[in-house]
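Visitor: Just dropping this structure here.
Just so you know, all these numbers are worked out from the coordinates, no wet-lab data involved. Computed from a prediction, not measured in an experiment: that's the story for all the values here. No Cβ is skipped: glycine too gets one built from the backbone with ideal geometry, and neighbour counts run over all protein chains shown.
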Amino acid sequence: MGRIAEALKKAERERRETMRDTAPRSPVELLEPTSASSVAEPRSESGEPAASAHPVRAPAEGMAESLVTYFDSSSVIAEQYRSLRTRLLSMNPNGDHRAIAITSAVPREGKSVTAMNLAMSLAEIQHLRVLAIDGDFRRSSLSRLLNQPGDPGLADMLRGQATYEDIVQSTPIGNLSFIAAGRTGNRSAAELLSSEAMVLTFRRLQTQYHYVIVDTPPATTVTDVGIIGQLCSAVLVVVRMNRTPGPVVRRAVRMLQVNNISVAGCVPVGSVERSSRYGYYYGYSPYYRYYKYYRKDDEKQGGGP
């Protein structure tokens, strides 16, 4: 009987370990380094295994592991980025070349991680040429996420210290390119972004790339996103759940709309209870369209954003 009891205890331990390793992760982990666990194989819209599916990857020359679409492409969170990608593609049925700015209402919402994961998700579609731009000259972070040189970058080119060819960098993903923020020198960010060189550069980028994803500063702190947004097809606003007050988000959206900038939606990220099951859906509010993580049992309770 002793051996039988030990065998039952061992089986129970293995079952619990398996459940722990395959449990869905919280959306808050979009903002933090992720562990190298693997879950269900991603599927395309047709239900077939995704062509880009691959096993968990080891860190590539210092790249941040919060880039889950690269390191853990089969994870639940990577699939959520693909859901966002699918919605953006469905909003562009003619396949026009698009530039999408990523902003937030306030700092430290996770917009840079979201911008880079979205760009990598788009680049999983092999026929698309994708470019990620660090347009946050004050607090640039994309170069650190990718472990790429921070200059020369966009600001250097706009002030005449680099050429277009100098600033476009390659990444570990063949059809994804990157432009760092660079250095503004003694010029203001608003001055450089408002220049004719910026307009001409964006026109060139949108002829060469199917999708340009631009990380920008928070909408309520500086005017940069109002300038960059004028050159983009639309703006996505990242909102951290259970942290950013609703009135602040609405004010950020109104500020963009006053400048005649199209707000494609909001992407809430943030902490939730680990014990719950999660879904992902697209919905509407009176002020903006939004993507929302939700708890399945909230449907019965009438849970809102």
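Visitor: Okay, which of the range 118-159 sit inside 12 Å, backbone N to the point 7 Å along the Cα-Cβ direction of Glu191?
Guide: 159
Visitor: Long-range amide H contacts for Ser177: which residues qualify at under 5 Å (H placed 1.01 Å from N, peptide plane, sequence gap of 5 or more or a different chain)?
Guide: When sequence neighbours closer than 5 places are left aside, the close amide H contacts are Val130, Leu131, Ala132.
Visitor: Skipping prolines and chain starts, which residues have an amide H placed within reach, meaning under 5 Å, of the one on Val214, given they are 5 or more residues away or on another chain?
Guide: Result for Val214 returns Ile100, Ala101, Ile102, Ile133.
Visitor: Further, regarding this structure: How would you rank Thr207, Thr221, Thr216, going from fewest to most other Cβ atoms within 10 Å of each one's own Cβ?
Guide: Thr207, Thr221, Thr216
Visitor: Moving on. For the range 73-196, restrict the atom set to alpha-carbon positions and state the Rg and Dmax in Å.
Guide: 15.1, 45
Visitor: Tell me, what ³J(HN,Hα) does each residue in the range 110-122 have, in order and in whole Hz, if you take phi through Karplus 6.51 cos²θ - 1.76 cosθ + 1.60 with θ = phi - 60° and put x for Gly and Pro?
Guide: Working through the residues one at a time gives x, 5, 5, 5, 5, 4, 6, 5, 5, 4, 5, 5, 5 Hz.
Visitor: Okay, next question. For the range 169-182, take each phi angle, set θ = phi - 60°, evaluate the Karplus expression 6.51 cos²θ - 1.76 cosθ + 1.60, and give the result in whole Hz per residue in order, putting x for glycine and proline.
Guide: With the stated coefficients, the range 169-182 comes to 10, 8, 10, x, 9, x, 9, 10, 10, 8, 10, 6, 6, x Hz.
Visitor: What is the order of His127, His210, fewest Cβ neighbours within 10 Å to most?
Guide: His127, His210
Visitor: Non-local amide H neighbours of Arg183 (under 5 Å, H modeled in plane, Pro and chain starts lacking H): which ones?
Guide: Gly153, Ala155, Asp156
Visitor: Suppose every Lys and Arg Cβ carries +1 and every Asp and Glu Cβ carries -1, with no other charges. What dipole size does the range 94-301 come out with about its Cα centre, to the nearest 20 debye?
Guide: With Lys and Arg at +1 and Asp and Glu at -1, about 720 debye.
Visitor: Here's a follow-up. Could you please report the charge total around Glu165, scoring K, R as +1 and D, E as -1 over all other residues with beta-carbon less than 14 angstrom from its beta-carbon?
Guide: Taking every Cβ under 14 Å from that of Glu165, the sum is -1.
Visitor: Then there is this: Taking all pairs of different Cα atoms in the range 94-301, averaging 1/r and flipping that mean, what Kirkwood radius in angstroms comes out?
Guide: 17.6 Å
Visitor: Output wanted: per-residue J couplings in Hz (rounded whole) for the range 192-199, from phi through Karplus 6.51 cos²θ - 1.76 cosθ + 1.60, θ = phi - 60°, x for Gly and Pro.
Guide: For the range 192-199, the Karplus curve yields 5, 5, 8, 6, 5, 4, 5, 4 Hz.
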